[in-house]
Amino acid sequence: LTIPSLFSWHGGRLTTSYSQEARIIRDRRLGLSVAALFLVLLAYMPTVLDQQSLFGLNISFLAFSGTQMNLCLIGILGAIGLNILTGYGGLVSLGNAAFFAVGAMVAAFLGVQHGWPFPAAVLGAAVGGGLIGGLIGVPALRVRGIYLILITLGLQAAAALIFLEYQDRYFGFGGVPYASPGIGPIAIDSDERWGILLLILLTGTIAGVRTLLRMREGRALLAVRDNELAAAAMGINVFHIKLKAFAFSSFIVSGAGALYVYYLANASADLFTLDLAITFIAMIILGGVGSLLGCVLGGIVWQLLPPVVSVATSRASELGGSLGTAISSNQGSISDLVFGLIIVVVLIRWPAGLAGLVRSVKRVTLSWPFRG
Amino acid sequence: MHTLIQVTIIGLGVGCVYGLVSLGFVVLFKSTGVFNFAQGSFVLMGAYFMVTCVNDFHLAIGVAAVVVLVASLLVGALVHQLVIKRMTGQPMLPVVMLTIGLTLIIGAILSLFYGSQDYYVRSSLSSRNASFAGFYVPVSLIVVVVSSIAATAVFGLLFRNTRVGLHMRATAEDHEAAVVVGINVDMVQMVAWALSAALAAAGGILLANIETVNSTLSDIGLLSFPAAVIGGLTSIPGAIVGGLLVGVVELLGQTYVSSSAGDVTVYIVLIVILIIRPFGLLGSREVNRV
């Protein structure tokens, strides 16, 4: 692996045979170097967390912690679930928070009430969420995609209500306590262990989704997104494909929800709001709709933005005046405002999101000195 | 039985407001094809503006209502000119997500100015009650019903008898054909946004007279979507019928199921209707089914 070969002209974009076309990792050298870079960053991570500095740059204002990193990983999992539906299926869903709640409830039922071990409870939550998604998709996907927004809105209302009732009946005001998780003899009790578990799960999910997208079903889903009529004419059962996508998306999101509540160790109904569902939409728009890399980037920014906003707003009080105090005392609204502005600006100016930016950087550097 | 009729009466009153808001939603969907998620934010905006006009500027209710309506017409037009116009020709999906972003922005700006506390419009209407044959009917509710009917009638006439209305109907029918015959489609869409925002704000104005005003009022907007879909998504009388139905069903759910089950009951009815009549109660059958 030499540096010039990294920047060789074909840059993994041009292929000469079908076997090259069919590879999961198109350009092995690029794939290897990205993997190496990732491992180096991973090894560097504890130092960053420990010293709160990145390459000598003080980042203590981000309050970057293992907790944040893990929440970020869970958020990325949820975003991938949504992206399957929105990015690859062309369907907008506001049900992400609802499926988080579904996952949390199934995990509570299996893991807390029936004492299933942690991996079984999480898997059960994912499967249960997938089944519920499949059931709900039947009326929602029969007609135009717009109806899915409505049905998922209804699902959001229902899930919040059901979680509240469930919590009231069995656990009371304090919320649902999730027992300390562990896989076999290994207890998942620290941020580091959670981080490793979540990274493994995330890598598995990304590999799984990538593979699925290259299979018959995945390509059919993309065809349906791009032109429903043409896809139907080619013999794809549009309704079935959409239903499968919805069930699969619900599977991932519910699993992420179960992990989320196990990580927090306690969950109550007010976690699963419509605002949570909207932040997932914001994440995939910011990162790039229909891109797995976009989910990762969007998830990272989503997790890092609130601390940045809170630093910026606390500075605003130094400006003085009523506007300054209004800004510093309403950090939540400012954070919403920034998110809303990001959604609007990104959609209008850079519809491909951060992933599109990465793609164009990659195109320019990999084909250098030629212009791509 | 007495409770049932009483609840239905109140539900019909509230349903008028839903009807207005979902009428705004339908008008926009019909003439621009945009699913406006921000409809609830316009409701909230109307209610908050009403609070400011009545409590701080001491305007009479009628004058304040007109001022707020004009203001929201402007806001609607501004939203179209600043944001939506740049997305013309894009598929539906990004535009829906854009309106979700707008919801965040409008909500955040309103909460910067109004915070999270409750407001009450000092309305002369709110306290009096009338009673018909043993049923209790708040005067404010009668005013709400009458104003909704008036607003719907005015809107129907506008849509049917004016040049702008004709252009809007033409754009709704066939966007490209409307461009070809020389209709200023951009203008038509701006008018549609302005009217839609004003109708939502009208809902907010009426709600401000019968309810406490706080940030949860924007949830009304969320219930106007099922109202529009139940009515048929592109049908103007359907929006009103859907709104009334949603109002009644919500209150029945709150009364007979659980105090927090109102919206869930509405969505259950929505799902049932979608299964039986996917094109809505008064909608046309030409929904693109797959």
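Only protein atoms count toward the accessible area here, which uses a 1.4 Å probe; on chain B, the carbon and sulfur part of that area reaches 67 percent. FRET efficiency for the pair residue A:293 and residue A:165, taken as 1/(1 + (r/R0)^6) with r the Cβ-Cβ distance and R0 = 41 Å, rounds to 0.55. Rolling a 1.4 Å probe across all protein chains gives residue A:333 an accessible area of roughly 20 Å². Strictly greater than 35 Å: what percent of every Cα pair in chain A meets that? Tail of the P(r) past 35 Å holds 29 percent of the pairs.
Rounded to the nearest 500, what is the 222 nm mean residue ellipticity of chain A from helices alone, with -39500 (n - 2.57) per DSSP H run of 4+ residues and division by all residues?
On the way: 16 runs with 262 residues, N = 372.
Estimated from H runs of four or more residues: -23500 deg cm²/dmol.
When only the Cβ of Lys, Arg, Asp and Glu is charged (+1, +1, -1, -1), the dipole of the stretch A:159-224 relative to its Cα centre reaches about 520 debye.
Relative to the globular-protein estimate of 2.2 N^0.38 Å, the Cα radius of gyration of the stretch A:91-137 stands at 1.17.
Legend: Rg and Dmax of the protein assembly as shown, from Cα coordinates, 26.1, 91 Å.
Ranking A:280, A:301, A:247 by how far each Cα lies toward the positive end of the dipole of the stretch A:219-336 (charges on Cβ) leaves A:247 at the top.
Expressed as a whole percentage, what fraction of the accessible surface of the stretch A:254-306 belongs to carbon and sulfur atoms when a 1.4 Å probe is rolled over the protein heavy atoms? Don't jump to the answer; show the numbers that get you there.
Numbers: 910 of 1360 Å².
In the stretch A:254-306, the share of accessible area belonging to carbon and sulfur is 67 percent.
The accessible area of residue A:309, taken with all protein chains in place and a 1.4 Å probe, comes to roughly 10 Å². By the rule of a C-alpha distance below 20 Å, with chain neighbours fewer than 8 residues away ignored, no lysines are paired with residue A:242.
Which lysines have a Cα lying under 17 Å from the Cα of residue B:85, excluding residues fewer than 8 positions away in the same chain? Partners found: B:30.
Report the local net charge at residue A:133: Lys and Arg +1, Asp and Glu -1, summed over other residues whose C-beta lies under 14 Å from its C-beta.
Numbers: positive: A:242, A:244; negative: none.
Net local charge, residue A:133 excluded: +2.
The simple Förster model, with R0 at 56 Å and r as the Cβ-Cβ distance, assigns residue A:196 and residue A:368 a FRET efficiency of 0.95. Note on the stretch B:1-56 and the stretch A:267-295: Cα centroid distance 28 Å, given to the nearest whole angstrom. Once the Cα atoms of helix B:39-51 and of chain B are each reduced to a long axis, what angle between those two axes, in degrees from 0 to 90 to the nearest 10, is obtained? Taking the Cα atoms of chain B, the angle to B:39-51 is about 50 degrees.
For residue A:215, the solvent-accessible surface with a 1.4 Å probe is about 90 Å², rounded to the nearest 10. The distance between label points at residue B:137 and residue A:58 comes to 7.0 nm (points 7 Å beyond Cα on the Cα→Cβ vector). Using a Cα-Cα cut-off of under 21 Å, which lysines could be cross-linked to residue A:244, ignoring same-chain neighbours fewer than 8 residues away? Partners found: none. Rounded to the nearest 20, the Cβ-based charge dipole of the stretch A:74-219 about its Cα centre (Lys and Arg +1, Asp and Glu -1) stands at 680 debye. Contact order for chain B, expressed relative to its length and based on alpha carbon pairs under 8 Å spaced 6+ residues apart, stands at 37 percent. Taking label positions 7 Å along the Cα-Cβ direction at both residue A:237 and residue B:162, the computed distance is 5.1 nm, reported to one decimal.
The values are calculated or read from the model by the stated rules, or taken from the named source; none is laboratory data. Owing to the predicted nature of the structure, the values given are computational and were not obtained by experimental measurement. Because the Cβ atoms are built from the backbone with ideal geometry, glycine has one as well, and the counts that use them run over all protein chains shown. Note: areas computed on protein heavy atoms with side chains; ligands, DNA, RNA excluded. Shrake-Rupley method; radii C 1.70, N 1.55, O 1.52, S 1.80 Å.
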